[in-house]
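The values are calculated or read from the model by the stated rules, or taken from the named source; none is laboratory data. What you see is a predicted model, and the numbers here were worked out from it, not measured in a lab. Cβ: placed from backbone, ideal geometry, glycine included. Neighbour counts: every protein chain shown.
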Amino acid sequence: MSSHLSRSIQIDQHGGPEQMRLVHIAVGEPGPGEVRILHHAVGLNYIDVYQRSGLYPMNLPVQLGMEAAGVIEAVGEGVTHLKVGDRAAYASQPPGAYCERRVMPAKCVCKLPDAISFETGAAMMLKGLTAQYLLKRTLPQGGLKAGDFVLFHAAAGGVGLIACQWARALGLQLIGTAGSDSKCQLALENGAAFVVNYAKEDFLARVKEITGGKGVKVVYDSVGKDTWDKSMDCIAPFGLMASFGNASGPVGPIAPGILGPKGSIYLTRQTLFTHIATRESTQAMADDLFDVVGSGKVHIRIGQRYALEDVQEAHRDLEARKTTGCTILTL
């Protein structure tokens, strides 16, 4: 095999997991502002499902995957923060991480501290940076302080388990929801102050009970359609509804007029890629993540590992909600 040949996962049309196929791609030299990275592990995320299915339409054919960790093989002109041989990790546009090696923009690639393994680096970048911008940058009026209540849906998922631990480190009272007792227990073990199994309980009633009828300052929602309406009613006056995903399907059109009667609440739709649009912002967020993981306050739980060629199975399990914590592809 040529040193610049890469096994990669590609789709030629949108659809189910069966659309993903293993191809061999010739990888060239990095141009200005680019690096070539040899992956050791690749992260799996729900955005990959959206891009594969066509919920987020892509120009086809396209190679999937948004995060990975590995070693820098070559550095293009103008790249100063990385050098050949550096351990590195990233969450980044454009897609293409489901592969052995790739050439990509260097601005979102960060040097990975020696204390953090490649598997942890691959598992944590997209989900950890997402938890970072949610808890540190996506804040209700007046911000969040120790003791405040927040509601976090899908608390046993990859982002959720990181957010549970980080919220605990910040002194927040995180109310986590999940769809089974075992997932609720996992969220509790990772720092959630309260949990609600929304397959059995009305999470709105429980949130009102937990907060003494006041509601939460912010709802962080990656579930979408199934949790949306009740989530809006969980929010205290001047609180924030922060949408960052649509695992159960996209939310329908919303009339701004409903926000007033619900307590003059705020509504935002966040995406990681706005936050990591610059090298400086990416590095600042990554430094915060590396610090909280390196200190032991946040442990990155890898619940599943699949070989690159078993990516179809990985996607099926992710969509069937069979996974907990982070999922990685091994090479």
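Annotation for the stretch 205-224: at least one member residue is at pLDDT below 95, outside the structural domain of residue 52 (by TED's automatic domain parsing) and at positive phi.
Among the helices (runs of 4 or more DSSP H) lying completely within the stretch 147-211, list those that include at least 3 residues that are closer than 24 Å to residue 289 by Cβ and out of contact with any helix residue (DSSP H, G or I) (no Cβ under 8 Å at 6 or more places or on another chain). Please lay out each step first, then the result.
On the way: elements: 158-169, 181-189, 203-210.
So the answer is 181-189.
Of all residue pairs spaced 6 or more apart or on separate chains, those with beta-carbon atoms under 8 Å, a first member in the stretch 20-34 that is at pLDDT 95 or above and buried (at least 20 other Cβ atoms within 10 Å of the Cβ) and a second member that is in a strand (DSSP E or B) and charged (D, E, K, R) are 27/36; 27/101; 27/102; 30/36.
Suppose the filter is farther than 27 Å from residue 109 by Cβ, among the acidic types (Asp, Glu) and either at pLDDT below 95 or in contact with a helix residue (DSSP H, G or I) (Cβ under 9 Å, 6 or more places away or on another chain) (or both); does residue 233 pass it? Judged against the criteria, residue 233 is a match. In contact with a helix residue (DSSP H, G or I) (Cβ under 9 Å, 6 or more places away or on another chain) and either part of a loop (DSSP other than H, G, I, E, B) or basic (Lys, Arg) (or both) - does that describe any residue in the stretch 71-84? Scanning the stretch 71-84, I find at least one residue that is in contact with a helix residue (DSSP H, G or I) (Cβ under 9 Å, 6 or more places away or on another chain) and either part of a loop (DSSP other than H, G, I, E, B) or basic (Lys, Arg) (or both), so the answer is yes. Could you please let me know if residue 219 is under 23 Å from residue 136 (Cα atoms) and not charged (D, E, K, R)? Yes, satisfied. Set side by side, the residues 68, 41, 88, 97 differ, and just one is closer than 26 Å to residue 283 by Cα, hydrophobic (A, V, I, L, M, F, W, C) and in a loop (DSSP other than H, G, I, E, B), which is 97. Please find, within the stretch 71-90, the residue that is surrounded by the most Cβ atoms within 10 Å (Cβ to Cβ) out of those that are within 23 Å of residue 130 (Cα to Cα) and out of contact with any Lys or Arg (no Cβ under 8 Å at 6 or more places or on another chain). Only one residue tops the list, namely 89. Taking the stretch 259-289 as the range and being free of Cβ contacts under 8 Å to residues at least 60 places away in the same chain and more than 30 Å from residue 117 (Cα to Cα) as the test, the residues that pass are 259, 260, 261, 262, 263, 264, 265, 267, 269.
Which of the following residues is in the same structural domain as residue 167 (by TED's automatic domain parsing), touching a Leu at 6+ places or on another chain (Cβ under 9 Å) and over 21 Å from residue 178 (Cβ atoms): 308, 289, 240?
Criteria check complete, one pass: 240.
Scanning the stretch 204-213 for residues that are within 23 Å of residue 145 (Cα to Cα) and without any contact (Cβ under 8 Å) to a residue 40 or more places away in the chain yields 204, 206, 208, 209, 212, 213.
Restrict the check to the stretch 148-158 and report whether at least one residue is among the aromatic types (Phe, Trp, Tyr), more than 18 Å from the chain's Cα centre (by Cα) and under 27 Å from residue 215 (Cα atoms). Spell out the reasoning first.
Start the filter on the stretch 148-158 by keeping residues that are among the aromatic types (Phe, Trp, Tyr), which leaves 149, 152.
Remaining after also requiring more than 18 Å from the chain's Cα centre (by Cα): 149.
The next check asks that each one be under 27 Å from residue 215 (Cα atoms); those that pass are 149.
Checked the stretch 148-158: at least one residue is among the aromatic types (Phe, Trp, Tyr), more than 18 Å from the chain's Cα centre (by Cα) and under 27 Å from residue 215 (Cα atoms).
Within the stretch 113-134, the set of residues being closer than 21 Å to residue 36 by Cα, buried (at least 24 other Cβ atoms within 10 Å of the Cβ) and touching a Phe, Trp or Tyr at 6+ places or on another chain (Cβ under 8 Å) comprises just one member, 125. Note on the stretch 198-213: among residues that are within 24 Å of the chain's Cα centre (by Cα) and either β-branched (Val, Ile, Thr) or surrounded by 18 or more Cβ atoms within 10 Å (Cβ to Cβ) (or both), the one that is farthest from residue 231 (Cα to Cα) is 198.
Return the residues of the stretch 305-326 that are free of Cβ contacts under 8 Å to residues at least 24 places away in the same chain and under 22 Å from residue 186 (Cα atoms); say none if nothing qualifies. Correct list: 317, 320, 322. Within the stretch 294-309, the only residue that satisfies the criterion of being within 11 Å of residue 169 (Cβ to Cβ) and among the aliphatic types (A, V, I, L, M) is 298.
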